[in-house]
1. Could you look through the stretch 326-354, keep only residues that are in a helix (DSSP H, G or I) and touching a Gly at 6+ places or on another chain (Cβ under 6 Å), and pick out the one that is farthest from Gly108 (Cα to Cα)?
2. When you check Pro61 against the structure, is it more than 25 Å from Met136 (Cα to Cα), touching a helix residue (DSSP H, G or I) at 6+ places or on another chain (Cβ under 6 Å) and modelled with pLDDT under 95, yes or no?
3. Please count how many residues of the stretch 202-217 are farther than 13 Å from Glu160 by Cβ and surrounded by fewer than 16 Cβ atoms within 10 Å (Cβ to Cβ).
4. Would you point out the residue of the stretch 323-365, among those that are small (Gly, Ala, Ser) and within 13 Å of the chain's Cα centre (by Cα), that is nearest to Leu313 (Cα to Cα)?
5. Just the residues that are in a loop (DSSP other than H, G, I, E, B) and either surrounded by 15 or more Cβ atoms within 10 Å (Cβ to Cβ) or at pLDDT below 95 (or both), please, taken from the stretch 139-181.
6. Out of the stretch 296-322, which residues are in a strand (DSSP E or B) and over 12 Å from the mean Cα position of the chain (by Cα)?
7. Return a yes/no flag: does the stretch 353-360 have any residue that is over 18 Å from Gly127 (Cα atoms), touching a Leu at 6+ places or on another chain (Cβ under 8 Å) and in contact (Cβ under 8 Å) with a residue 24 or more places away in the chain.
8. Which of the residues belonging to the stretch 17-53 are at pLDDT 95 or above, closer than 18 Å to Pro349 by Cα and of a type in the set (Lys, Arg)?
Amino acid sequence: MNIVLMFGGKSGEHEVSLISGASVARHIPKDGNRISLVGIDRDGAWYLQDDSLLEMVRTNPDAALSITADPARRVQVVPGGGCTGALRCGDTSIPADVVFPVLHGTFGEDGTIQGLFEMAELPYVGGGVMASAVAMDKEKSKVIWQEAGLPIVPFLTVREAEWTAGDSTAQGAGRHTVCSTIEETFAWPVFVKPARAGSSVGACKAVDRASLAECLDEAFRWDTKILVEPFITAREIECSVTGNGRAVAYEPGEIAPTHEFYDYEAKYIDPDGAVLIIPAPLTAEQKEQVTSLACRAYELLDLDGLSRVDFFLDKTSGKLYLNEINTLPGFTSISMFPRMCEAAGLNYPDLITHLLDLARERFEHSRRLRTTRA
């Protein structure tokens, strides 16, 4: 199989993708597979990487991928080109029986690159255009889950136009109105996060009005839409899910952060930022609730391929809340998604093969659907 592994990306999670991509590259079975590496730089340009990079990350377990921006190896996409002609480097085609986009955040799991793959007629790992876009938007996914009766954390949405209404000083009309509404709705502390970013980028905890304004200013650096939620003292539970149409959930895990919450530094920078507990210490009833809710949340968004579903388990009330869903979760050596699958009996190489098979299966099924009356 000809596999194109894409990594990097125009995203605040660019560095994470370099580490995740290397981990995936190491675990793609060598037998019968030919891997091409395509790196996407911070400006969104695509470059075919030399085969020596693949050999380097496969022989060095600590190495991350890197991107050489050689203009002579710039990759172009041909709409309708299919597996043999959609990806080109100069006059040469890059065969792609399936694309594995190890891309986190914007322009990677928000439906944009998925739309490009669809137009190019390329099979790809992960959810489709609509499902990816909705899952990336925390507000929209919460609205869907709430309408279906699934338990979510209460939230307020703040849009940039509301925040910047009036003058731009600290006493601006928009800033005053937004802060007052939040204070009237939730008790301190509250949690502020961009609606369409991942890896806790731009997220922070506010304990009073002054820190709230600072948190909102920071969050608006990453997105034009922000969610504000009550801060829940909770255990963080996660569950891996795979499948096309019908979801299969794996062994849930728990993250016990050593930081105040599971922020970007705890996830990717500090090696001691969290203790990962797999399986999560849950009762049989709690485990059943987690896995069934994970599958339901996944299916409600029409997801395919894979996702990691994140929950809060309130330490006081014992109530379980859906937090968010990640359609292209981290694949680093310490990432929860592959480790939870492995705990359920699906080892890393077999997981990668399963995801590639799901991508091909979804592609072949969708191409049986009619697009013309002729």
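The values are calculated or read from the model by the stated rules, or taken from the named source; none is laboratory data. Keep in mind that what you see is a predicted model, and the values were worked out from it rather than measured. Backbone-built Cβ (ideal geometry, glycine too); neighbour counts: all protein chains shown.
1. In this case the residue turns out to be Met340.
2. No.
3. Number satisfying all stated conditions: 5.
4. Ser335
5. Leu150, Val153, Phe155, Thr164, Ala165, Gly166, Asp167, Ser168, Thr169, Ala170, Gln171, Gly172 - these are the residues of the stretch 139-181 that are in a loop (DSSP other than H, G, I, E, B) and either surrounded by 15 or more Cβ atoms within 10 Å (Cβ to Cβ) or at pLDDT below 95 (or both).
6. Phe311, Phe312, Leu313, Asp314, Leu320, Tyr321, Leu322
7. Scanning the stretch 353-360, I find no residue that is over 18 Å from Gly127 (Cα atoms), touching a Leu at 6+ places or on another chain (Cβ under 8 Å) and in contact (Cβ under 8 Å) with a residue 24 or more places away in the chain, so the answer is no.
8. Matches in the stretch 17-53: Arg26, Arg34.
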